[in-house]
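Please read the structure below before turning to the comments.
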Amino acid sequence: MRKSKLSTIVFYICVAIFMIIIVFPFYWQIITSLKPPEQLWDIPPGWWPSRFYLGSYIAAFTQRPFLTYLKNSAIVAISTTAFAVFVTSFAGYALARLHFKGKNAILALALSVSMFPGIAIVSPLFLMMKQWNLLNSYVGLILTYTTITIPLSMWNLTTFFRTIPADMEEAAKVDGASPFYTFIRIILPLAAPGIFTTAILVFIAAWNEFLFALTFNTKDALRTVPVGIAMFPGEYTLPWGDISAASVVVVLPLIIMVLLFQQRIVSGLTAGAVKG
Amino acid sequence: MRRHRGIRSTGIPEDVLGYLMVAPALLCILMIAIYPVFRTFSLSMTDMKMQFPDMAKYIGLNNYVKLLQDSRFWSATYNTLFFTVVSVAMELVIGFAMALIMNMPFKGRGLVRAAVLVPWAIPTTVSATMWKFMYHDQFGVINDILLRMGFIDQYRSWLGSTSSALWCAIIADVWKTAPFMGLLLLAGLQTIPGELYEAATVDGASRIKQFFSVTLPLIMPTMLVALIFRTLDAFRVFDLIFVLTGGGPGNSTETLTMYAYTTLFRNLDFGLGSAIAVLIFIFVFLISLVYINLLSRQND
Amino acid sequence: MNKRLLALVLAAIMLVFMISACGGSQTSDNGTDNNAAETQPGSEGAGNSTSEEPVTITYARGKDTTTSNQKMLEAFEKKYPNIKINYQEMPPQSDQQHNAFVTALSAGDDSVDVYRLDIIWPAEFAAAGWVEPLDDYFTEEERAKFLQGPIQGCTYNGSIYAVPLYTDAGVLYYRKDLVATPPETWDELYNIGKQLMDEGKVDYGFVFQANQYEGLVCNVLEYIHSNGGNVLDGSDVVLNSENSIEALNIFKKMLDIAPEGVTTYIENDGGAMFQEGKVAFMRNWPNWWSNLNKDESAVKDKVGIAPIPKGPKGDATGKATLGGWNLSINKNSKNKDAAWTFIEFMTGEEGQKIQSVEGGYLPTRQSLYKDPDVIKANPHFESMYDVLVNALPRPVSPFYPKISESIQINTHKFLMGEIDAKTAVENMAKEIQDTMAQ
């Protein structure tokens, strides 16, 4: 393809505009978090902190229960990831390899569940959790998050298990190994990349969930990060600096994760879409 | 694949093992997703209020009758549909542009691909909070930019006007999800064999013609799948509205999920709230049907 | 190795996993409760309430940004060594505390003995049977010593369900350096504000809270009440009146001299602008006083505080909307007597004095407005007394959230120009009527 110099320049300008639009809100958040209190209310707003002020970061962690939110989110998201991936690697293997009736029905059921709007199940789930004494607990959220991430996780892993060549299993079978043994010793290690990809996706979904976290865990001590951020504004003050600082802290690990595992995430996300 | 079924050396029949391995996942789905849907439906036929849970009684379809006559329900439906259609359409166009760009070889492509994932990965409440600051009429940077560029001659209240608030939500949503769409479409683009373009070039087809005769038809299935995900996601929008406007101004950004949430957890009216939830479920079901229909027609 | 056994073990493990996860909530739940209790030690209240043995009662309230709550608790425990207080901190926003309390109370929770209620909740909680009627504890004679607005807000169907802890009422902040005497009517406020804007002395004349949320109800009711209108008279809906319509129109007129975005503002947006010296008048709550007089405030020592203005059909004075918080006893509490002792102390002269001196909260006991220590710490309280005596609560109803929602939506639609004042008032009256009929 021939390209004139002009069109190359135009192309790079387009790329730059896209990048600026994507990055700008983050830039704004970061400088807001570093602005000293007296600069926060300037009109027009300043585009650079008049002096670097770390008070907002300190306040987010000391005067507000932000550390608690982080801890809660970590517990819930990590447990959900572990539980969902554990449960669905069995299911995914069975669906990919073993022969039994109703496999397609199960996959179809999972797919339709993935389309459920959360609001359609939140009221009875709230009542069930209340009955089981699981409101304001980690278990209630973990259970719910595991369930809502199972469909995605199950599809991903099933697809992934199918891509693993059958020869190795066949060889193991010839040696007389049971399907279960084959699964643990041969398939799982081969599937590790797929499991890892799935785990990242489940983790992000659980880390970001809002509706159930908002309705189930109403005590401050059990709030997760997304709810904590949404509820940050107090009764009488608007702590823009503090919220910005808190958001920067929340976003950083996600950015690092995305940059590190970018390829995996994209392949996990697109696996379903591209193959139909 | 040929496989013989039956007893293996373990002594456990393969199908029993299969069911055992699927059981935990299936049980969770049945208990935490399927069963609640039915219970939402039965709740929607009662007048259950959280203050008086024991006084709930069966009232048939009364809640639905009430909703169908309720102008607030219809305006929430309209807002939801408007939000869904406009933001998904914009995401598709912008996402496509991004996919085409990312599909070209250029310096820094890896960085761009990683960067576009970031908005998708952060919690919606965080991105909504960021946008809320930027939209602020006095301290917000958007007014500052637009004023400097000469698009406006005085500060506007973007979130405070019924004509612009929903658009604000749409823009924030497009910002967060167009990159996601772009990546899905990019993956689709990469499956198109290069020979097809070469053949088309030999035939003398222009770039634009190639786009319509080669790219578009081949990417259609991927696009439809991406559209299903995004449409259903956009249709149940909640976090964004909750943080950005809380449904205002003048209820002009209240979506169906927002209405259901307020009815359930603020007014504690579980009967009516569940009825709204059931209607959302039905809408989602219909949308899925349309897409699945399109998709299966594609595959034929 | 016996593979059959292995498979059985696997199946068993999975079953256990499932049961412990999906069904057996009790076992796993304890784990989390312990976790949660780390931050709130000793949440298991002592079972018996005999006065000789020490009891622990749990007190749940929203976060206090001042030190006053802590000091009050210390003073109480010193005076009553047999009663230990386990303080449970709730989220700061009223709405969120409501969710948290409803979640607990509707499940018959007895772990909290004393709840601090927003002035708009007692009717709802009383009707649901979640809080104990206090008629036997809180005598008529004692009630007479309190401000009557808060008492009215805590009374439902003739019984009293909570004791006012501190109160709050809308006030008008004005710039002493720009305005010689504060306006008495809305028209005056409008004209002065407009003039100051035209002269370029301020960017905007007036800020208030007109986002679509609870604060909008407080604001619009001030216009309605100050213009001879009302929402309820007993259980009759009397909102639909010429006075209400006129009041709404006055409210809308204020948008002319307010920032563009005032219809998205809550307390702090306007507060920040007023603090920057960009606005002449602000309707807000009394506790902004201390913020406005901080060193970094551009209007330090330039701020006056005055009652809410009145409309043309109003009485002698404007009518502020009452806020404030009140203490109540959980119906399922096992330590009701100890809980009452605690409430009596907190809302008594001793407790409230600490609260006002240390935290700047407005007392609910009339006598404290003449207390030299209280006035010394809060000189502006003296002028607040008249505001508070005239302040009116929001409608008292077990379905208050629905009433509030109707007022919010219709008022906001009216401010947005979607409907006219008459339609707004009619819609509200009809919807409130329907809600009351439930």
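Some points to look at:
- Count of region A:110-135 residues, restricted to those that are assigned to a loop (DSSP other than H, G, I, E, B), more than 9 Å from chain B (Cβ to nearest Cβ) and either without any contact (Cβ under 8 Å) to a residue 40 or more places away in the chain or acidic (Asp, Glu) (or both), is 2.
- Unique match (being assigned to a strand (DSSP E or B), touching a strand residue (DSSP E or B) at 6+ places or on another chain (Cβ under 6 Å) and under 30 Å from C:Glu242 (Cβ atoms)) among C:Leu322, C:Leu327: C:Leu322
- Qualifying residue in region A:148-171 (condition: under 20 Å from the mean Cα position of the chain (by Cα), within 11 Å of chain B (Cβ to nearest Cβ) and closer than 24 Å to B:Met50 by Cβ): yes
- Only one of the listed residues (B:Gly271, B:Gly250) is farther than 23 Å from B:Ala89 by Cβ and buried (at least 24 other Cβ atoms within 10 Å of the Cβ). That residue is B:Gly250.
- Unique match (being at the interface with another protein chain (Cβ under 9 Å from one of its Cβ atoms), closer than 30 Å to C:Gln408 by Cα and either touching a Leu at 6+ places or on another chain (Cβ under 9 Å) or in contact (Cβ under 8 Å) with a residue 60 or more places away in the chain (or both)) among B:Thr262, B:Thr253, B:Thr222, B:Thr257: B:Thr257
- Of the residues making up region A:94-109, those that are part of a helix (DSSP H, G or I) and either aromatic (Phe, Trp, Tyr) or surrounded by fewer than 24 Cβ atoms within 10 Å (Cβ to Cβ) (or both) are A:Ala96, A:Arg97, A:Lys103, A:Asn104, A:Ala105, A:Ile106, A:Leu107, A:Ala108, A:Leu109.
- Residues within region A:47-62 that are of a type outside the set (A, V, I, L, M, F, W, C) and closer than 15 Å to A:Ser244 by Cβ, tallied: 5
- Residue match in region A:60-75 (condition: under 30 Å from A:Ala110 (Cα atoms) and among the aliphatic types (A, V, I, L, M)): yes
- When region C:261-312 is filtered for residues that are within 14 Å of chain B (Cβ to nearest Cβ), in contact with a helix residue (DSSP H, G or I) (Cβ under 8 Å, 6 or more places away or on another chain) and in a loop (DSSP other than H, G, I, E, B), only C:Ile266 remains.
- Total residues in region B:119-157 satisfying the condition of being more than 8 Å from every other protein chain (Cβ to nearest Cβ), more than 30 Å from A:Ala206 (Cβ to Cβ) and under 27 Å from the mean Cα position of the chain (by Cα): the figure is 1.
- Subset of region B:231-250 (residues that are more than 25 Å from C:Ala100 (Cβ to Cβ) and facing chain C (nearest Cβ under 8 Å)): B:Pro249, B:Gly250
- Among the helices (runs of 4 or more DSSP H) confined to region B:193-287, the ones with at least 2 residues that are within 17 Å of B:Thr40 (Cβ to Cβ), modelled with pLDDT of 95 or more and not charged (D, E, K, R) are located at B:256-261.
- Selection status of B:Ile34, in contact with a Pro (Cβ under 8 Å, 6 or more places away or on another chain), at the interface with chain A (Cβ under 8 Å from one of its Cβ atoms) and closer than 17 Å to A:Met154 by Cα: no
- Residue within region B:174-192 that is outside any helix (DSSP H, G or I) and either within 10 Å of another protein chain (Cβ to nearest Cβ) or modelled with pLDDT of 90 or more (or both) present: yes
- One residue stands out among those in region B:98-118 that are more than 8 Å from chain A (Cβ to nearest Cβ) and touching a residue at least 24 places away in the same chain (Cβ under 8 Å): the one that is nearest to A:Met19 (Cα to Cα), which is B:Met102.
- Single residue of region C:387-438 satisfying the filter (part of a loop (DSSP other than H, G, I, E, B) and β-branched (Val, Ile, Thr)) that is surrounded by the fewest Cβ atoms within 10 Å (Cβ to Cβ): C:Ile419
- Any chance B:Leu218 is surrounded by 23 or more Cβ atoms within 10 Å (Cβ to Cβ) and in contact with a Gly (Cβ under 9 Å, 6 or more places away or on another chain): no
- Residues located in region C:394-413, provided they are touching a Ser or Thr at 6+ places or on another chain (Cβ under 8 Å) and not polar (S, T, N, Q): C:Arg394, C:Val396, C:Phe399, C:Lys402, C:Ile403, C:Glu405, C:His412
- Residue tally, condition part of a helix (DSSP H, G or I) and touching a strand residue (DSSP E or B) at 6+ places or on another chain (Cβ under 9 Å), over region C:69-94: 6
- Filtered by the rule that a residue be closer than 16 Å to C:Asn390 by Cα, aliphatic (A, V, I, L, M) and either in contact (Cβ under 8 Å) with a residue 40 or more places away in the chain or assigned to a strand (DSSP E or B) (or both), region C:144-176 gives C:Leu147, C:Ala169, C:Val171, C:Leu172.
- When residues of region A:1-49 are limited to those that are in contact (Cβ under 8 Å) with a residue 24 or more places away in the chain and either within 11 Å of chain B (Cβ to nearest Cβ) or of a type in the set (Ser, Thr, Tyr) (or both), the one nearest to B:Phe180 (Cα to Cα): A:Phe26
- Among (1) touching a Leu at 6+ places or on another chain (Cβ under 7 Å); (2) more than 8 Å from chain B (Cβ to nearest Cβ), the one test that C:Asn249 misses: (1)
- Test: residue in region A:75-93 that is within 30 Å of B:Ile171 (Cα to Cα) and either in a helix (DSSP H, G or I) or β-branched (Val, Ile, Thr) (or both): yes
- The requirement of being outside any helix (DSSP H, G or I) and surrounded by fewer than 18 Cβ atoms within 10 Å (Cβ to Cβ) is fulfilled somewhere in region A:54-69, by at least one residue.
- Here the condition is being at pLDDT below 95, touching a Leu at 6+ places or on another chain (Cβ under 6 Å) and surrounded by fewer than 24 Cβ atoms within 10 Å (Cβ to Cβ); of C:Ala306, C:Ala316, it holds for C:Ala306 alone.
- Any hit, region B:53-64, residues being within 9 Å of another protein chain (Cβ to nearest Cβ) and modelled with pLDDT under 95: yes
The values are calculated or read from the model by the stated rules, or taken from the named source; none is laboratory data. The structure presented is a predicted model; accordingly, all values stated were derived computationally and were not measured. With ideal geometry, Cβ positions are generated from the backbone for all residues, glycine too; neighbour counts draw on all protein chains shown.
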